[in-house]
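No lab work stands behind these numbers, since they all come straight from the coordinates. Quantities reported herein were computed from a predicted structural model and do not represent experimental measurements. Here the Cβ positions follow ideal geometry from the backbone for every residue, glycine too, while neighbour counts run over all protein chains shown.
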Amino acid sequence: MKQNSELYIENGVLKKYLEKEAPVVIPDSLTSIGILQFSDCNSLKIIVIPDSVTYIGYSAFSSCKSLTSIIIPDSVTSIDAKAFYDCTSLKSIIIPDSVTYIGDGTFYGCESLTNIIIPNSITSIGASVFSGCKSLVSIVIPDSVTYIGDSAFSCCKSLVSVVIPDNVTYIGNWAFYNCENLTSVTLPNSINYIANSAFDGCKKLKI
């Protein structure tokens, strides 16, 4: 096991993080950020992820209440479920085209996140990925997406309009539930299934 300041690394995988006030720079020997590795690190504000990292694990940064921004390098291909769950101060994040998988609930409860661009490499937006992102005012869904899961954008209370791209065939239960300021949704002819509850609570929406 290698000790690097507040980081403990074994075989290229982060095993332990001792919470400090200083910004965290992950060494380029790291290939994976494992399960819950930075979870509940409330003093963590800035983190630099090196190009060596390919995988961000389950709840890796969940409930990092002071984390404001993060840049994911082009080397990352997979972001597991709840990776940034409840990061209430997170305002911006850049997801590169290298990412092909974003797990369920990845940005759930990121209430300060104002906008996000989903890369063309993503084909599915899973359950609750952006649920509770109440400051989210815009979202760009790429043409590559075919599936929008249950509660994917539920309770995004600042969201005003959404354009569903032409290749989407499925919109799940409560996908846009309680998006109370949503006034405009553009739906393509490609859709085969829209759950009855998909737009429940969207008081200003007329379809």
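For the chain, what's the relative contact order in percent, using C-alpha pairs closer than 8 Å and at least 6 residues apart?
11 percent
Based on the alpha carbons, how large is the Rg to Rh ratio for region 114-207 when Rh follows Kirkwood?
Reported Rg/Rh (Cα atoms, Kirkwood Rh): 0.92.
Run the simple label-point estimate for residue 25 and residue 158 please: 7 Å along Cα→C-beta, distance reported in nm.
Between residue 25 and residue 158, the simple spin-label model gives 3.2 nm.
Starting from the Cα-Cα distance between residue 184 and residue 71, subtract it from 0.36 nm times their residue separation and give me the gain in nm to one decimal.
Working: separation 113, 0.36 × 113 = 40.68 nm, distance 3.07 nm.
The residue 184-residue 71 span can extend by a further 37.6 nm.
Please give the per residue volume of the convex hull enclosing the alpha carbon atoms of region 35-121, rounded to a whole number of Å³.
Per-residue hull volume (Cα only) is 70 Å³.
Considering only Cα-Cα distances, which of the following residue pairs are longer than 24 Å: 134/204; 82/134; 65/204; 65/203; 91/203; 157/206? Could the numbers behind the result be given before it?
On the way: 134/204 16 Å; 82/134 17 Å; 65/204 32 Å; 65/203 31 Å; 91/203 26 Å; 157/206 16 Å.
Too far apart for the 24 Å limit: 65/204; 65/203; 91/203.
Springs between alpha-carbon pairs under 10 angstrom, Gaussian network model over the chain: which of 50, 188, 96 fluctuates most?
Comparing 50, 188, 96 in the GNM, the peak value goes to 188.
What FRET efficiency would be calculated for the residue pair residue 204, residue 117, taking the C-beta separation as r and a Förster radius of 25 Å, to the nearest 0.05?
It comes to 0.50.
How large is the dipole of region 38-145 about the Cα centre if only Lys and Arg carry +1 and Asp and Glu carry -1, each at its Cβ, rounded to the nearest 20 debye? Walk me through the numbers before you get to the answer.
Numbers: 5 positive and 9 negative charges, 72 e Å.
Around 340 debye, computed over region 38-145.
Taking amide H atoms as placed 1.01 Å from N in the peptide plane, list the residues 5 or more away in sequence, or in a different chain, whose amide H sits under 5 Å from that of residue 46.
24
Per Stokes-Einstein, at 37 °C and 0.692 mPa s, what whole-number D in µm² s⁻¹ belongs to region 89-161, with the Kirkwood radius over Cα pairs as the hydrodynamic radius?
Details: Rh = 12.0 Å.
Here the translational diffusion coefficient equals 274 µm²/s.
Once the Cα gyration tensor of the chain is diagonalised, what are the square roots of 5 times its eigenvalues, in whole Å and ordered largest first, as equivalent ellipsoid semi-axes?
33, 17, 12
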